[in-house]
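I have placed the structure first, in the form of structure tokens, so that the comments after it can refer back to it.
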Amino acid sequence: MRLPKRHQIDLLDNPVLPVHKRGRDLLYDPALNKGTGFPDSERDALGLRGLVPPQVVSIDDQVRRVMENYRRKDQDLERYIHLEALHDRNETLYFRVLLEHLRELTPIIYTPVVGQACQAFGHIYRRARGMYFCARASAYFREMVYNWPEDDVDVIVVTDGSRILGLGDLGTNGMGIPIGKLSLYVVGAGIYPEKTLPVMLDMGTDNAALREDPLYLGDRRPRLPDKQFYPVVDAFIRAVRERWPHVLIQFEDFSNRHAFQLLARYRDQMLCFNDDIQGTGAVTLAGILSALRITGTSLDQQRVLFQGAGSAARGIADQIVAGMRDAGLSLEAARSRVWMVDSQGLVIRDRLKSLAEHKRDFAHPGPPLKRLEEIVRWVRPTILIGVSGQPGAFSESVVRTLCQQVERPILLPLSNPTSKAECTAEQAYRWSEGKALFASGSPFPPVDYRGKRFVPGQGNNLYIFPGVGLGAVLCRAKRITDRMFYAAARTLADQVSEDSLAMGSLYPDLGLIREISAQIAAAVWQVAAEEGVAQIEPPADLLGQIKRHQYYPRYLPYEAA
Ligand code: NAD
């Protein structure tokens, strides 16, 4: 017998969840477990008497206990393990803890600490979560998908572990990323946990140290050549879409050798996006639009310089260009205002033949400059963005040069984790004498400079992808379009209060994430309908309907099925 699922029961006026498990089986099912939170009536009805201590504890007190233990840990990795252990024991409590302490815990379950967790994945591993599709077993993918117990999966986040944050090829250890991102989907947007599926597409690894690590859990062979890589991804996509035809697939942390091609291959065929490219683009554009509220200038007047010319740079550049076009510039004129620097120096027309495809649209006529300071002097950017994973690249002389040319430069060192940031918040404010409009990829604490407190914003993709995903899933979008991300960026920028701007924050308070995601979902649904890709038309009370479908982690009453 198929029992109704939580997402169906939750919509009822007096929801009661029928459960077919009893006793220890119930306590050991993280989706159903309430631990000490089972009331006496359920302890009687479900064979739990004596299996938990006598005191019935409220979820608020359970949250308190988790946080008390959490704060006793003195290492971030231990904090991560503590939270994941809870995830494995009691999902409702895990998500409630995250939701109530989002600002404190996001840096642990996501960047920067998830980077450490990925590096140590095989060593801290306790229990499987999500699915592993090993390239060498691609012939079995179509059968394997039926091993997953849920019939309704709305969102898959998939990586091949080839470029985890700024840390490079971590092979199967990269699984921490889909797990973390999907937790953020649940808390950020209110996607039901049972409708999420983290996936590792194990293509092998070229990381020699990992291959020699006896505790490494992935395939130890070298990564597959391209000729075999794409058919394996095709097989994976076919298998999951055969079982879950409406699923949204988010590509995550694929090396840029494949990221662009995968997006180009699938984006017009199915519901998918690449967060490193499109999500990053939208969240960064939102930060820039907020900064322009302070400078009083418009997007089409900006000159943009990227340090780094990979997935993130291209994604952000495309969104900025879309914004400039919206403001009236032609495609060529918009692109001519955007410059990139890669490991060989300024990306210029003379290098066209040897440039990767994704850099070519931004290769303009210019001198073969190599040093960033010289490049800044020549390009005269109003916006400098770091997405190179090169810590210290925004040196004091680079920041000072920038400030000599522009009254209020926008400075965005986005590389993650914190150890990779091009400069710190403190350096940015000090070297620019408080003039830089700053946001970073990893969080930095507030900075006191010359009697003023600056609260740096974090250009966290968390502001964008959950809302985009929620909107796309609820309207059963056939595809994700660029206009959806553009609408998401504008919606996010509109949520930044004047008070936040006055403290130098280019992003809203993360504590508002549910409201922000609901607003973004509404904007995305609206655009999807306008573009003819929504299979469900927006209801009259669009925002209200979206909020009604957001999962909130609380204990539902149970009855024996
Ligand atoms: P990527 O590997 O696709 O690109 C890195 C780029 O940096 C490449 O173009 C490379 O040529 C360039 N580079 C390397 N060394 C350089 C040097 N010395 N000087 C100039 N350029 C150099 O990676 P990506 O996906 O573009 O991500 C880059 C960084 O941005 C990562 O650290 C990632 O964590 C961060 N990121 C942040 C956010 C965010 O904050 N919201 C989102 C996505 C990515």
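Read-outs throughout are calculated quantities, based only on the coordinates presented, and are distinct from any laboratory measurement. Every value quoted in this text rests on a predicted model; they were computed, and no experiment measured them. In this analysis, Cβ positions are derived from the backbone assuming ideal geometry, glycine residues included, and neighbour counts consider all displayed protein chains.
The table that follows gives values for the structure above.
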quantity: Cβ-Cβ FRET estimate between ASP300 and ALA45, R0 fixed at 56 Å, reported to 0.05; calculated: 0.30
quantity: Spin-label pair ASP448/ARG265, simplified geometry with 7 Å Cα→Cβ offset, distance in nm; calculated: 5.4
quantity: Separation of alpha-carbon centers, the range 211-268 and the range 150-208, rounded to whole Å; calculated: 11
quantity: Residues PHE121, PHE485, sorted so that the one with the fewest Cβ neighbours within 10 Å comes first; calculated: PHE121, PHE485
quantity: Of LYS73/LYS420; LYS34/LYS73; LYS359/LYS547; LYS227/LYS370; LYS353/LYS435; LYS5/LYS73, those spanning more than 31 Å from alpha-carbon to alpha-carbon; calculated: LYS359/LYS547; LYS227/LYS370; LYS353/LYS435; LYS5/LYS73
quantity: Residues LYS73 and ASP213, FRET efficiency given R0 of 25 Å [Cβ-Cβ distance, rounded to 0.05]; calculated: 0.55
quantity: THR205 long-range amide H proximity, modeled H, under 5 Å; calculated: ARG221, ARG223
quantity: Global form of the range 510-561, assessed from the alpha-carbon gyration tensor, a/c cut-off 1.5; calculated: oblate
quantity: Label-point separation in nm, GLU531 to ASP88, each point 7 Å along Cα→Cβ; calculated: 4.0
quantity: Cut-off 13 Å, label 7 Å out along Cα→Cβ of GLU426, residues of the range 437-481 by amide N; calculated: 444-449
quantity: Cα centroid separation, the range 64-135 to the range 471-525 (Å); calculated: 26
quantity: The chain shape via C-alpha gyration tensor axes, a/c threshold 1.5; calculated: prolate
quantity: Fewest-first sequence of LEU248, LEU51, LEU384, LEU99 by Cβ atoms within 10 Å of each Cβ; calculated: LEU51, LEU99, LEU248, LEU384
quantity: Neighbour cut-off at most 16 other Cβ (10 Å), DSSP loop, GluC sites (Glu not before Pro), the range 117-205; calculated: GLU150
quantity: Cβ-based exposure ranking for HIS246, HIS358, in which fewest neighbours within 10 Å come first; calculated: HIS246, HIS358
quantity: Residues in the range 247-282 reached by a label modelled at ASP206 [backbone nitrogen below 17 Å; 7 Å Cα→Cβ]; calculated: 253-262
quantity: Extension reserve of the ARG371-GLU150 stretch, reckoned as 0.36 nm per residue once the Cα distance is removed; calculated: 74.3 nm
quantity: Point-to-point label distance, ARG65-HIS20, nm (Cα→Cβ direction, 7 Å offset); calculated: 3.0
quantity: 222 nm mean residue ellipticity, helices alone, for the chain (DSSP H n ≥ 4; -39,500 (n - 2.57); rounded to 500); calculated: -12000 deg cm²/dmol
quantity: Per-pair calculated FRET efficiency, R0 = 30 Å: LYS5 and ARG142 via Cβ, rounded to 0.05; calculated: 0.80
